[in-house]
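First comes the structure, then the notes that go with it.
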Amino acid sequence: MGAGNHTGVSQFLLLGLSDDPELQPLLFGVFLSMYLVTVLGNLLIILAVSSDPQLHTPMYFFLSNLSLADISISTTTIPKMLVNLQTHSKSITYAGCLAQMTLFSLFGCLESLLLTVMAYDRLVAISHPLHYLVIMNPYLCGLLVLVSFSISVLSSLLHSLVMSHVTFCADVEIPHFFCDLSQLLNLVCSDTSANNILIYFIGTIFGGIPLSGILYSYSHIISSILRVSTSGGRYKAFSTCASHLSVVCLFYGTGIGVYLSSTVSSSPRKAAVASVMYTVVTPMLNPFIYSLRNKDIKSALWRISAKYLMSTPMLSFFGS
């Protein structure tokens with residue numbers, strides 16, 4: 001696997017978070033638990049929204065799509081890491097690495113765009129409450145999700161196109177637990193200046209514009225809340241977007257924190273540990289943020305639980 005055409009590279013080595021053999025079982029248990037909690041929590045959100053007619057509103061429609069994106073992000077990275085920990089292997093095929101990088105880019109961009117769409121949804125709900133259902137009609141909601149997904153696919157394809165036309169060196173060790181784009185660029189032995197410019201441009205467009213949209217929406221939301229005459233009205237208006245604002249701060253805060261830590265720290269392994277926050281922790285916490293602060297979600301989950309318990313023969317027998 002010497003320097004040459006990229007097709008000569010058949011696999012990469014994911015070094016993971018630690019080389020200590022004694023930590024491998026602990027890491028496996030921790031990340032397996034976090035992955036199961038992430039999948040279960042987000043599936044419960046999707047189940048609650050789809051099964052409860054009271055939650056068939058634009059806000060919860062976008063929330064269910066966000067939960068689906070969270071599951072997809074975790075599924076793109078964690079299962080391969082768990083397999084490598086269990087088999088004591090670090091290898092990932094070239095095609096698998098490229099697919100993982102592409103899918104992570106897709107679902108990461110999709111989550112960013114969905115958060116932007118949800119910010120616009122909250123803006124309409126607070127600034128134009130009487131016309132909310134007219135503006136945020138089912139056609140527009142479906143169109144916004146479709147456009148978000150299409151833009152995410154375009155972004156991921158551009159990243160994949162960039163990486164499929166580079167030449168990798170003999171060193172194919174990635175100091176990360178998944179195929180991160182920035183780490184892959186470090187393994188390229190050809191000139192990457194044009195690729196870096198293109199990738200930064202893509203990141204600015206597909207990352208900067210959604211963040212700008214969120215900031216624009218919340219500037220108008222805050223302006224509308226300040227115009228409310230009563231403190232109770234202001235609190236009620238703010239509470240409608242508190243969960244979304246918490247998720248936005250968690251998503252962008254961890255992402256920016258990882259970027260800053262990677263630029264300050266000279267250790268790629270420390271950057272990999274920091275990236276656990278937005279690849280694993282954030283998708284796991286999102287369902288808790290929305291369910292713990294949302295009475296409608298909690299009520300729907302309680303109704304689902306009660307319906308399930310009553311449908312169980314043994315429990316329904318004792319209940320009668």
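The values are calculated or read from the model by the stated rules, or taken from the named source; none is laboratory data. Note that this is a predicted model, so its numbers are computed, not measured. Cβ coordinates were reconstructed from backbone atoms using ideal geometry, including for glycine residues, and neighbour counts include every protein chain displayed. Surface areas here come from the heavy atoms of the whole protein model, side chains and all, with no ligands, DNA or RNA. Shrake-Rupley method; radii C 1.70, N 1.55, O 1.52, S 1.80 Å.
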Check your understanding: What part of the accessible area of the chain, given as a whole %, is carbon or sulfur when the probe is 1.4 angstrom?
Key -> 71 percent
Check your understanding: In terms of modelled amide H atoms, which long-range or inter-chain residues lie less than 5 Å from the amide H of Phe177?
Key -> Gly16
Revision key, fill the gap. The lysines whose Cα lies under 25 Å from the Cα of Lys307, excluding any fewer than 8 residues away in the same chain, are Lys295, Lys298
Check your understanding: So which residue, out of Thr76, Thr279, Thr230, gets the largest mean-square fluctuation from a GNM of the chain using Cα contacts under 10 Å as springs?
Key -> Thr230
Point to revise | Rounded FRET efficiency, nearest 0.05, which uses the C-beta distance separating Ile304 from Leu154 and R0 of 30 Å | key: 0.25
Review point. If you project the alpha carbons of the chain onto the principal axes, what extent comes out on each, in Å, largest first?
Key: 66, 53, 34
Check your understanding: How about Lys80: which aspartates and glutamates have a C-alpha closer than 18 Å to its C-alpha, ignoring those fewer than 8 places off in the same chain?
Key -> Asp19, Asp70, Glu173, Asp180
Check your understanding: Rg to Rh for the range 10-146: what is it, with Cα atoms only and Rh by Kirkwood?
Key -> 1.11
Point to revise | Per-residue HN-Hα couplings for the range 104-121 [Karplus 6.51, -1.76, 1.60; θ = phi - 60°; Hz; x = Gly/Pro] | key: 5, 5, 4, 6, x, 5, 4, 4, 4, 5, 5, 5, 5, 4, 5, 5, 5, 4
Review point. Which ³J(HN,Hα) values in Hz, rounded to whole numbers, follow from the phi angles of the range 17-31 under the Karplus curve 6.51 cos²θ - 1.76 cosθ + 1.60, where θ = phi - 60° and Gly and Pro get x?
Key: 8, 7, 9, 6, x, 6, 8, 4, x, 5, 4, 4, x, 5, 6
Check your understanding: How are the C-alpha pair distances of the range 68-214 spread across 10 Å bins, as whole percents from the shortest bin up?
Key -> 10, 34, 29, 17, 8, 2, 0
Check your understanding: Out of residues 5 or more away from Phe168 or on other chains, whose amide H comes under 5 Å of its own, with H placed 1.01 Å from N in the peptide plane?
Key -> Gly4, His6, Cys189
Point to revise | Rg followed by Dmax, in Å, when the range 165-211 is reduced to its Cα trace | key: 12.4, 38
Study note, to complete from the structure: Lone Cys, the chain, Cβ cut-off 4.7 Å -> Cys109, Cys141, Cys241, Cys249
Review point. Which far-off residues, 5 or more places away or on another chain, put their amide H under 5 Å from the one on Gln11, with H placed in the peptide plane?
Key: Tyr94
Review point. What is the spin-label model distance, in nm, from Ile222 to Ser50 if the labels are put 7 Å beyond Cα along the C-beta direction?
Key: 3.8 nm
Point to revise | Relative contact order of the chain, pairs being alpha-carbon contacts under 8 Å that are 6 or more residues apart, as % | key: 28 percent
Check your understanding: Given 0.36 nm per residue, what is the gain on full extension from Ser246 to Ser10 after removing their alpha carbon distance, in nm?
Key -> 80.8 nm
